[in-house]
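Notes to accompany the following structure.
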Amino acid sequence: MKKLLSVLIAFCFVSTTTARVPAGYRLVDVPLPRGAVTVLGLCHKPDGTLAIVTWEGEVWEYQAKTWTRFAENLMEPNGIHYDVKENAYYVAQKPELTRLVDTNSDGICDRYECVTDAFGVSGRYHEYHFGPVADSLGRKYASLNLAARGDFTVPDGKPKGKGGGNMSYNAPWRGWVYRSDRPGHFQPLASGFRSPCGIGMSPQDELFITDNQGDWVADCCMYYIREGNFYGHPASLPGRPDFTKEKVSSLSAADFAKIRTLPAIWFPREVIANTPGSPVWDTTGGKFGPFQNQIFIGDQRQSNYFRNGVEKVDGDYQGWCVDFLRGTASGPVKMSFDPQGRLWSAQVGRGWFSVGGKRTALQYAEWDGKTIPFAIHSATLTKTGFEVTFTRPIGEKITPVVASWHYHYYSTYGSPRVDEKTLSISNHALSKDRKTVSFDVPLTAGKIYALQFPEQESDGGAKLDFDTLFYTANKLRPAREPRASRNVGWDLAGSGWSRNDKRRPIPVVVKPLPAKECIMPAPGKATVLDADQWTNPNWKINQQGVMSRGKGKNSTKTAYGNARIHLEFRFEPSDDPNWRGQLYGNSGVFLMSGYELQIVNSYENPTFADGTCGSIYGQHPPRVNASRKPGEWQSYDILMKAPQFAKDGSLVEPLRATIFHNGVLIHDDVWVYGEVGGPYKRHGKRPLMLQDHKGTEVSFRNLWIVPDIDYDKSLDSFRRHFAAPLTALADVKPKVNVPSDRDPITILSPNMVRDMDKDGDMIITVNEFVGYRAAQFDPKDKDKNQFLDVSEFPHPNAFRGGDKNKDGKLSREEHLNIFRGQFQNVDVNKDGKITAADKQKNRKTK
Amino acid sequence: MKPLCTILSLLVCANWAASADLERGQTLYNQICFNCHGLHFDGGIGPSLKDNYWRHGDSPEAILEVINKGIPAAGMIAFETVFPESDRLALRDLIVAQHEGLRGVVRAVYPRAPFKGKRLTRALFDSVKPLSKTRLPENVYYFDRNGDGILRGTSKLHIKEAGEYQFTIRPIGRTSIFLDGKEVHYSDEKSKKNTHVNRKFELKPGIYDLEILHEEKTTHSYRFHGVLQRVGGKRFVLNGRSLQGNVPKIIKATHEAKVVRKWIDGLPPRTLLCLLPNQTLVAYNPVDGSVLKAWHSAAINQTPSLVDRSAKPSEIKGVPIPDVGSKLFEAETLRFLRYEIHLDTVHLVSLVDGEEKTVTIAPEGTQSFKLSVQ
């Protein structure tokens, strides 16, 4: 009986860990090409062709059950995207964002284009590059992982915790998310990520990123991305103009907490996710069942898919997650819906542990078209509690078990659930159609709520596969939601903001370049825009050539397209408290009469971000605020490319501009979304225009224009026009500066070489070797008795044979002698130093 | 049934191995096989035939199958088209006779509950249904799941040298080891009483049944680690890496040029490795438009990187060509645009001070390359 019981127990244990696929769905395996093919990403073309990208650096296409290799020899591409308009693939590989083109249509890539390599790569472990995804304008977005080891970590005095140490910012823009809208363009968008391996774009051009639990990241989560925001991991802050490494190191969690943006959804670990992949939106129009428009994410460790939804509460996104399907063969990292409405996932397990167990897999989930599984469909926060909707009418109403908790924000790896408690509910009601349950529960902002419906059955007796939904309640319902901003006909796709959003972070103040470096005379090819060139006589020009803002706009007589423009402006100082904000010195440079570069006094005169001096008004705040004070002359240096239109009037290429304010770069090849007051409307060359505006006086001088420049050819040198260097970016030199004729040491691991070879000459002397080890003695000697006992120096071979006097402990000298002996072994050719000449004997690849 | 067949065939093999067929096998090996598998079975272009890693199976049947059918993907020909069966059997027997260490490893994972508080015995394991059971082609213990169960490893142990042997097991959790049914090792890290058993035992050349039972606290990964040591001689490490998916991937020159992006120690991470059909490899840095290094008779071993999920660099194998380093452009601005493969030539295009310039790298002779800039 005992034996039977133990077998039964074992069997029960087995069944709880096996697959759970909702009724009406099935999971199908797709065989991969033979050989080493570890799937890291996938996408679909409109004709249904599937493309996968592999760890081994290859792109394979799958059509009519046949695999063909499209591209190869990439460096760990972590994602692939197909651009329909361009008929090209985009992959985010470690060194660059690459565009793959098959120019002769033979099914094999023959052109590998570098879209951007402006971010840094130090070569250390874990510096992955994820993506890309694209917005409806076709612009690409990707995310960058921090490194597992390196020089710049932010431990903030806390213990590391189980699971891992502090990740490091070894090279520019690691831990950031960026946008690249054409080759050579790189626009860092937001910072504060750790391992942002999931990236997704909603159908409404909203960018979402998932991050992994770790140092500074309490739990796995998903963020809604807003340009300019900081998302929590401080190691990436030095990329911002208002932070240096020294400043970051001097701050603590309390400081970072003030500036960080919370996740929209937390994914409780072990229950929902441990390593969430990329989100995809169900836009199949019902082909994948009753979960239309929901967000699906696969978890690499849990081997599951889970569903999510977000809603705006007090102007910010927050939402819920609930498990959906368990038992994938490996670990899903990227997902894609095909034209038939099947949800495919690229799965990988090797290297990290995936419950599914397999090294890699490619599977799709499909719906039978009719069966509605009984499941928690979605939830919403009400003013006093929650409303939870099921996919089918429920039977008897079960009282939900509601618990709440919150997380610490600190540098330790992960956070436990803090102040977890069960809450009692009231006003438990059921809707007429029996699908929606509502109840009240004491709500506190900043908590995660677990809403569990144990043993809840449908009215047909069906059980829930997954009975708990988790809601992230960063905020509670306000009395009134903030009003949406006026839509003038264009959206700031992928930026997370709307026009003139007052919550958008205002640009950081920086010192402008000295005036003498900014004033520049017109070059030979320029047209000087003196009195003869303007149309509005109300704008008076005095004898010194200074033009004052007058009544009505002022346009040039000549129309221009691509141009290089220089102009200087000055605000009349004013003490009048009525003339503040947008009224203190307002004008504007209307490029081609329609696209406004804002002029306003932003020196100690705060205003909303995209109305600051130097902004493309309503669209792009300047990168930094480089204003001089009123009374001083300021300058703009503009390189602009006119928009291009097709014959039918549609936009082919937007207006692009690269702009310096007082010698500081404020816009780097930005994409202008439309005219300041409306969408793009086909036009040819148009005059340059200066704006009249209510408020204090503005005057201008030294305006000149070089027409018909070649924007693309001039761009790279224009970016370097002023002495202040651009922050994009050469590779970080590896810590070991290898003289070009000296080969690297191979007998020790590269990490050990980096740590030991202090002078970087690829020679490790006895002193460097033993010195490195000697430095480990004190940290190991926890009880500070100047000896290492068994617990302080554990090793299967007692003390590594170093306890020569057999007193059961290691003295400092004995400790050193172990490594003096080890040095002898490593110095294979016995020349007294460890160099590239010391080679390992033929050893199995470890 | 299957294990019985294996045992029988091994025994039969052992008899055959004593025959003159071994000599015939050795003769053939020295003529043909050594080219790829090394003079001493330790590998080269092909894998070692002496170690634990048997991607295609280590049983006599599996080895014969590989000899017969070859491995086209790796370049091993189907020898059934070349040799008569007796020759192939002789080769197979020779290789089987080289077996040393673990073979036929089966790793099973069991749920914890039935074992709580009980001594780990084979009878107890037999009474519980495993959560999973995997035949490990690598013949070493590796773990691709987090530690959510108890391990049972069964295998054959091939011994070639007589002597005194002993197990050394990392003292984590509980471990029992049985050799031919007799307990030769028991350790329990938590036990206050001295229950530790770690006997030395005599072994003669032959094939033994080895069984390892192990339990440890759930962690991110199993920390089981063990070694079988012959006193005064060879060590057999019971743990190792899985080669799953890590089919040694050597990037070799083909009739078309290639541009390879892999992490190589000592080279910047953005280096373009241009591998030409004549096996010349040119390392070009697109960031500053310079040639860094070059090799002839070159190939790239991608595998070290794959095995450690990219924690290790790949390796260039080849003969360095001296004095190739040079900066190709003196420019204020340089931005790499793209590379294209035109049959045997690589085109590297950059925007140099606003103008597109192409660096062309083509093979020259059998051990060199020519480079031009337009």
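The values are calculated or read from the model by the stated rules, or taken from the named source; none is laboratory data. In this text the structure is predicted, and so the values were computed from the model without any measurement. With ideal geometry, Cβ positions are generated from the backbone for all residues, glycine too; neighbour counts draw on all protein chains shown. Calculation scope for accessible area: heavy atoms of the full protein, side chains included, ligands and nucleic acids excluded. Shrake-Rupley method; radii C 1.70, N 1.55, O 1.52, S 1.80 Å.
Things to note:
- Solvent-accessible area per residue, Å², over the protein assembly as shown with all protein chains present [probe radius 1.4 Å]: 42 Å²
- Ranked from largest to smallest solvent-accessible area, with a 1.4 Å probe on the protein heavy atoms, B:58, B:51 come out as B:51, B:58.
- Karplus 3J(HN,Hα) series, Hz, for the stretch A:128-141 with 6.51 cos²θ - 1.76 cosθ + 1.60 (x for Gly, Pro): 7, 10, 10, x, x, 10, 9, 8, 6, 8, x, 8, 9, 10
- Hz values of 3J(HN,Hα) by residue in the stretch B:312-328 - Karplus curve (6.51, -1.76, 1.60), Gly and Pro given as x: 10, x, 7, 10, 9, 9, x, 9, x, 9, x, 6, 9, x, 6, 9, 8
- Placing +1 on the Cβ of every Lys and Arg and -1 on the Cβ of every Asp and Glu, with nothing else charged, gives chain A a dipole about its Cα centre of roughly 660 debye.
- Sparsely packed loop sites in the stretch B:81-120 (the trypsin sites (Lys or Arg not before Pro) outside DSSP H, G, I, E and B with at most 11 other Cβ atoms within 10 Å) comprise B:116, B:118.
- Legend: mean number of C-beta atoms from other chains within 10 angstrom of residue C-beta atoms, peptide A:73-79, equals 5.
- Inter-chain neighbour count for B:264-275: the average number of beta-carbon atoms from partner chains within 10 Å of each residue's beta-carbon is 6.
- Spatial separation of Cα centroids for the stretch A:337-392 and the stretch A:190-247, in angstrom: 25 Å
- Cross-link partners for residue A:758 among the aspartates and glutamates, with Cα-Cα distance under 15 Å and sequence neighbours closer than 8 places in the same chain left out: A:151, A:768.
- For the chain pair A and B, the buried solvent-accessible surface (1.4 Å probe, both sides summed) amounts to about 5500 Å².
- Those trypsin sites (Lys or Arg not before Pro) in the stretch A:537-628 that DSSP places in a loop and that have at most 16 other beta carbons within 10 Å: A:540, A:551, A:580
- Here residue A:358 is the anchor, and the aspartates and glutamates within straight C-alpha reach of less than 13 Å, apart from those fewer than 8 places off in the same chain, are A:29, B:144.
- Cα-based shape type of the stretch A:543-623, given that a ≥ b ≥ c are square roots of the gyration tensor eigenvalues and the cut on a/c is 1.5: oblate
- Chain B: relative contact order in percent, alpha carbon pairs under 8 Å with at least 6 residues between: 10 percent
- Those lysines that a straight Cα-Cα span of less than 17 Å connects to residue A:312, excepting residues fewer than 8 apart in one chain: A:383, A:447, A:475, A:502
- Pairs over the 32 Å Cα-Cα cut-off, from the set B:133/B:160; B:133/B:204; A:287/A:463; B:249/B:370; A:804/B:118: A:804/B:118.
- For chain A, the share of alpha carbon pairs falling in successive 10 Å distance bins from zero is 2, 11, 18, 21, 19, 15, 9, 4, 1, 0, 0 percent.
- For the set A:640, B:76, solvent exposure ranked by accessible area (probe 1.4 Å, protein chains only) runs largest to smallest as B:76, A:640.
- Along each principal axis, Cα extent of the stretch B:249-373, largest first, Å: 42, 34, 26
- Selection of GluC sites (Glu not before Pro), the stretch A:598-681, meeting DSSP coil and at most 14 other Cβ within 10 Å: A:604, A:632
- Working note: Debye formula, equal point scatterers on the alpha-carbon atoms of the stretch A:682-725, no solvent; log10 I(q)/I(0) at q = 0.20 Å⁻¹ is -0.98.
- Once you reduce the stretch A:530-597 and the stretch A:448-478 to the center of their Cα atoms, the two points are 60 Å from each other.
- Accessible area in the full protein assembly, largest first, 1.4 Å probe, for A:835, A:210: A:835, A:210
- Lysine pairs in the stretch A:61-190 whose alpha-carbon atoms fall under 27 angstrom of each other, counting only those eight or more residues apart or on distinct chains, come to 4.
- Annotation for the stretch B:23-85 versus the stretch B:323-344: alpha-carbon center distance of 44 Å.
- Across chain A, the relative contact order, built from alpha-carbon pairs under 8 Å that are at least six residues apart, equals 9 percent.
- Cα-based shape type of the stretch B:101-237, given that a ≥ b ≥ c are square roots of the gyration tensor eigenvalues and the cut on a/c is 1.5: prolate
- Taking chain B as a Gaussian network of alpha-carbon nodes connected by springs under 10 Å, the highest mean-square fluctuation of the residues B:138, B:211, B:332 belongs to B:332.
- When chain B is treated as a GNM with alpha-carbon contacts under 10 Å, the residue of B:323, B:209, B:93 showing the greatest mean-square fluctuation is B:323.
- Site pair residue A:544 and residue A:798 shows an inter-label distance of 9.1 nm when each label is modelled 7 Å from Cα along Cα→Cβ.
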